[in-house]
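Working notes, beginning with the structure itself.
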Amino acid sequence: MIRKFFKNIGPGPLVAAAFIGPGTVTLCTLAGVNFGYALLWALVLSVLATIVLQEMAARLGIVSQKGLSEVIRKEIKSPVARGLAIGLMLSAIVVGNAAYEAGNISGGALGVQTLFGNPEIVIGSSNFTVIPMVIGAVAFILLYIGNYKVLEQTLVVLVILMSLAFLTTAIITKPDILEVVKGMLIPKFPDKSILTIIGLIGTTVVPYNLFLHASLAKTKWQSKSDLSYARKDTIIAVILGGLVSMCIIISASAIPHQDISNASDLAKGLEPLFGVNAKYFLSIGLFAAGITSAITAPLAAAFVASGCLGWKANLKSPRFRAVWMFILVLGVIFSSIGFKSIEIIKFAQVANGLLLPIIAGFLLWVMNKRIVLGNYTNSKLQNVFGIIILIITIFLGVKGILSVFNLI
């Protein structure tokens, strides 16, 4: 029974790996430092929303045997609307992931640097940090092998490592369990917390995971009888991902308010209070969060580009490889030299802000089309949850766009 369960672990852990990146770790750190356990309920809400949307994406992939971007390209009949949708998807996912990849690699490197320092090599008059190159090389090898099982098993191991690292850190800080439960179940809105609440939901409910999940689900499972495995896989993995985020908030809540801007600072802040082990576990967790996102971001972009442009979404196809190579190489270069293209990142944030509610709305629409899903369309209850989540994504999208222009 257990062997069968592990055999049917699918893309769920990859989805969890994708949304727990360095940005999520940093945001959860700041939420814990500034508000203690008070915002844990926002993560519970985001986990529920993510489960609903990701289950729809996985079901669409398995039943239709198509990726989400491919379904969009085929089901939107208006050439103008289709062109706009494809342009938005390519802008948000491909350009967006290229912009964010340096942050994924830098985040993973930060975990290693906290433990071992920051070795550099000098080429001419420029200094290049070594660790981002090593992380990039590992990601390159795993993606280039082009074997889904190898990729899946590697990321499952890394997600388990990340989960254990952050869980152990949280346990070391000896949290007040009753207060933790209250924080999870009773919504509170401390002063100046609204942007952090929106951020915690927005960093978990992310558009590129919907594309990634649909594509990987059809790669893993070809039979409709596997839907129950896909559902369990999604629920367990997303809850595990939410637990990791909560553990980061709990860990950050344990130290007195001070100047902490990322998880590396948190690791150093925990060391004098809880010993060197806290720093080790937190740094390992940050490394795992960075490297898993550094692998899944280029992979998602390649799936989206393939679906949008009508290419075969094969892990070993030259076009598919060209997309993820482009994103990964850019990420390694920018993270090694410390370059940040603010304008590209802002463009990506606006594109993602527009894409999230549009894709959530499209997903809800297509999940009710019998011509696509036959008897596997949404139930009334799933539609109710879907509409509630759609309203949340519209709110998140507007907030994301306004924040880029410093309007909130």
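The values are calculated or read from the model by the stated rules, or taken from the named source; none is laboratory data. Predicted model, so just to flag it, every value in this text is computed and none were measured. Every residue, glycine as well, gets a Cβ built from its backbone with ideal geometry; the counts of neighbours run over all protein chains shown. Ligands, DNA and RNA are stripped out before the accessible areas are found, and what is left, the full protein with its side chains, is counted by its heavy atoms. Shrake-Rupley method; radii C 1.70, N 1.55, O 1.52, S 1.80 Å.
Quick check on residue 149: is it buried (at least 21 other Cβ atoms within 10 Å of the Cβ), closer than 23 Å to residue 319 by Cα and out of contact with any Lys or Arg (no Cβ under 6 Å at 6 or more places or on another chain)? Considered against the rule, which asks whether it is buried (at least 21 other Cβ atoms within 10 Å of the Cβ), closer than 23 Å to residue 319 by Cα and out of contact with any Lys or Arg (no Cβ under 6 Å at 6 or more places or on another chain), residue 149 comes out as no.
Of 386, 397, which residue is buried (at least 19 other Cβ atoms within 10 Å of the Cβ), of a type outside the set (A, V, I, L, M, F, W, C) and modelled with pLDDT of 90 or more?
Details: 397 fails: modelled with pLDDT of 90 or more.
Sole residue among the options that is buried (at least 19 other Cβ atoms within 10 Å of the Cβ), of a type outside the set (A, V, I, L, M, F, W, C) and modelled with pLDDT of 90 or more: 386.
Across the stretch 153-176, what is the total count of residues that are over 19 Å from the mean Cα position of the chain (by Cα) and part of a helix (DSSP H, G or I)? Can you show your working first?
Initial filter on the stretch 153-176 (over 19 Å from the mean Cα position of the chain (by Cα)): 168-176.
If we keep only those that are part of a helix (DSSP H, G or I) too, we end up with 168-172.
Adding up the residues that qualify gives 5.
Listed conditions (1) touching a residue at least 24 places away in the same chain (Cβ under 8 Å); (2) more than 22 Å from the chain's Cα centre (by Cα) are all met by residue 189, apart from (1).
Could you grab me the full set of residues in the stretch 40-86 that are under 16 Å from residue 224 (Cα atoms), open to solvent by 10 Å² or more (accessible area, probe 1.4 Å) and within 18 Å of the chain's Cα centre (by Cα)? Of everything in the stretch 40-86, just one residue is under 16 Å from residue 224 (Cα atoms), open to solvent by 10 Å² or more (accessible area, probe 1.4 Å) and within 18 Å of the chain's Cα centre (by Cα), namely 55.
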